[in-house]
Amino acid sequence: MAITGRFATSSGFEYPNLSPQSTVNQVNTTPKNRRVLVTGASGYVGSRLVTSLLAQGSLVRVLVRDRSKIVGLPWYSQVEVSVGSATKLEEISAALSGVHTAFYLLHSIGAGGRFDQVEEAMALTFGQAAQEADVSQIIYLGGIANDASQSQHLASRANTGASLAKFNVPVLELRAGIIIGSGSASFEMIRHMTHRLPVMITPKWVSNRTQPIAIRDVLYYLDEVAKLNEPKSGIFDVGGPDVMTYAQLMKTFARVSKLPRRIIIKVPFLSVWLSSLWIGLVTPVPVALARPLVGSLINEAVMDKQKSISLLISPPPSGLISVEQAFELALSKVARNEVASRWSDADAIMPPWQKTQSDPSWAGDAEYHDKRIIYTDASLDSLWKSIEEIGGERGWYGADFLWWSRGLIDRLIGGVGLRRGRRDPHILRQGESVDFWRVENLQPQQVLTLYAEMILPGKAWLEFSLAQVVHDGRSMRSLTQVATFQPKGAGGHLYWAVVAPFHKLVFPTMAKNIIKEALRKDEVAREHGR
């Protein structure tokens with residue numbers, strides 16, 4: 001379906017004039033009239049791919065379930081946003097209207113034992129909609145599967161590609177090895193396990209070989225296949241220059257991180273279930289996500305030379321990034337707080353009894369509140385900075401043991417816990433995760449609303465709001481802190497009754513310490529003459 005001229009939607013949206021940057025591979029050039037759809041744009045790869053495509057001057061549309069998840073991303077104002085569910089044909093069809101190339105980056109890993117059935121249904125719906133919309137090319141990112149039959153995760157990835165290919169639209173499937181980059185789930189697992197465990201008891205399949213690839217090289221290949229002059233069908237493996245065992249991978253990370261030598265003891269009796277529980281306790285990756293990822297490690301993940309991407313696309317002129325270089329790049333990004341996206345940016349796994357985030361406030365059986373208002377002379381700027389720095393390494397302004405205990409309980413029952421941390425210690429973006437919360441609403445120096453993604457018999461929010469007020473005849477600032485809980489059934493009411501006494505310790509301390517930190521920031525600013 002050809003489209004000419006500057007793209008504008010019926011709603012009046014126009015893409016801004018972007019200055020295309022010269023690309024590494026000049027063999028193909030993306031026609032400027034191609035409209036590109038990126039699904040999974042709030043996820044780890046999707047968000048970075050949008051940035052890369054925009055840098056090349058592509059006309060980008062993104063498909064998301066919740067617009068608020070991407071409002072805070074740097075590229076939000078430069079793309080067209082289509083809101084819809086991957087399970088609804090009419091919404092997918094609307095997103096694909098007028099699209100030349102569609103990137104399929106959707107998955108339901110961690111959505112329960114039947115995630116493979118969900119993924120197949122989504123792929124079939126997408127393939128049908130793409131055919132009806134006359135899409136020229138689908139590009140799908142899966143995983144290298146030397147023997148996918150051993151892993152539900154890899155088998156589902158392979159089946160997704162096959163389901164997309166059942167329709168009359170060329171499907172180019174890239175199968176990647178472990179992706180190494182700041183914020184990727186695989187990197188976070190390796191990083192935290194290696195840092196925290198000088199001696200590791202591991203399953204025997206840590207001796208299996210893998211061929212990791214740096215996120216930069218994944219994006220390079222995705223960019224390049226989108227620029228092919230003619231649609232292409234086929235399966236191509238993408239991997240980095242190094243082939244090593246999973247054990248060697250962890251030892252390499254330890255060496256790059258300048259950690260003492262790690263001792264790895266292989267035993268034959270650790271099951272996927274036990275391994276994923278252990279990973280859920282010592283890394284930020286929750287058990288529900290760790291289980292399918294660990295399950296895929298029983299497979300060797302090495303490129304098939306007969307399916308190598310080099311048969312279609314030349315490697316980057318500067319060469320592929322080695323495992324050591326990939327670790328160094330990722331660690332440097334973490335150290336400089338320059339993590340562009342994280343695995344936790346994608347939608348979290350919610351227990352079935354929790355309602356969707358879009359439910360109105362009156363949808364619950366009842367609402368419980370814990371509300372605190374404090375008036376202060378602290379400046380608005382310092383108050384906001386103190387609020388925005390909450391969570392992660394900074395903690396929750398007191399009662400740390402209670403927060404730690406609640407996070408541990410959440411991990412033990414399969415939730416995300418506190419170990420997700422945060423992307424940046426000072427700056428928040430709407431839609432990103434903060435420990436077991438997600439930023440639902442962010443209005444600088446006004447409101448921060450956090451939505452709970454811990455396992456709960458109901459729904460919970462924590463909101464901070466600031467205002468300039470007159471109190472006792474003086475111009476002051478007010479900090480309003482509100483914890484809200486909507487219980488689900490009798491269990492929800494019982495839960496609130498049990499935790500309410502602890503709130504009397506947690507929430508007053510939190511509000512007072514936010515004020516204390518804001519006043520400290522003001523004092524520092526005065527000392528520096530600001």
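Every read-out reported here was derived from the displayed coordinates using simple, explicitly stated rules and does not represent laboratory data. Just so it is clear, the structure is predicted and the values come from calculations on it, not from any experiment. Glycine gets a Cβ as well: all are built from the backbone with ideal geometry, and neighbour counts include every protein chain shown.
Note the full-extension length gain between Asn33 and Val447 as 0.36 nm times their separation in residues minus their Cα-Cα distance, in nm to one decimal. Walk me through the numbers before you get to the answer.
Values: separation 414, 0.36 × 414 = 149.04 nm, distance 4.02 nm.
Contour length minus the Cα-Cα distance gives 145.0 nm.
By counting other Cβ atoms within 10 Å of each Cβ, how are Lys258, Lys88 ranked from fewest to most?
The most exposed by this proxy come first: Lys258, Lys88.
Using the number of other C-beta atoms within 10 angstrom as an exposure proxy, rank Phe401, Phe507 with the fewest first.
Phe401, Phe507
Which residues does a label at Ser405 reach in segment 482-504, if reach means a backbone N under 17 Å from a point 7 Å past the Cα toward the Cβ?
Flagged as within label range: 495-504.
Could you line up His107, His192 from fewest to most neighbouring Cβ atoms inside 10 Å?
Final ranking by Cβ density, sparse to dense: His192, His107.
Of all chymotrypsin sites (Phe, Trp or Tyr not before Pro) in segment 426-513, which ones are in loop regions per DSSP and have a Cβ with at most 12 other Cβ atoms within 10 Å?
Qualifying residues, ordered by number: none.
Taking the Cα centre of segment 35-345 as the origin and placing charges on Cβ (Lys, Arg +1; Asp, Glu -1), which of Thr210, Ala95, Tyr140 is farthest toward the positive end of the dipole?
Highest projection toward the positive end goes to Thr210.
Between Asn513 and Ile263, what's the calculated FRET efficiency when r is the beta-carbon distance and R0 is 41 Å? Round to 0.05. Mind dumping the intermediate values first?
Details: r = 41 Å, r/R0 = 1.00.
With a Förster radius of 41 Å, E is 0.50.
With r defined as the distance between the Cβ atoms of Ser379 and Phe502 and R0 fixed at 30 Å, what FRET efficiency is calculated, to the nearest 0.05?
0.45
Once the other residues with Cβ under 13 Å from the Cβ of Glu393 are scored (Lys, Arg +1; Asp, Glu -1), what is the net sum?
+1
Report the full-extension gain for the segment Leu124 to Asp424: residue separation times 0.36 nm, less the Cα-Cα distance, to one decimal in nm. Before the final figure, lay out each step's value.
Numbers: separation 300, 0.36 × 300 = 108.00 nm, distance 3.75 nm.
Between Leu124 and Asp424, full extension yields 104.2 nm more.
Which aspartates and glutamates have a Cα less than 15 Å from the Cα of Lys204, not counting those fewer than 8 places away in the same chain?
Glu300
Mind scanning Lys371/Lys488; Lys333/Lys385; Lys166/Lys305; Lys488/Lys516; Lys258/Lys521 and naming the pairs with a C-alpha gap bigger than 31 Å? Can you show the working numbers first?
Details: Lys371/Lys488 21 Å; Lys333/Lys385 22 Å; Lys166/Lys305 25 Å; Lys488/Lys516 36 Å; Lys258/Lys521 34 Å.
In this structure, Lys488/Lys516; Lys258/Lys521 lie more than 31 Å apart at Cα.
For Leu164, what charge total do you get from the other residues with a beta carbon under 12 Å from its beta carbon, if Lys and Arg give +1 and Asp and Glu give -1? Show your work: numbers first, answer last.
Values: positive: Arg157, Lys166; negative: Glu119, Glu120, Glu173.
It works out to a net charge of -1.
For the residue pair Glu367 and Gln131, what label-to-label distance in nm results when each label sits 7 Å from Cα along the Cα-to-beta-carbon direction?
Using points 7 Å along Cα→Cβ, the separation is 4.7 nm.
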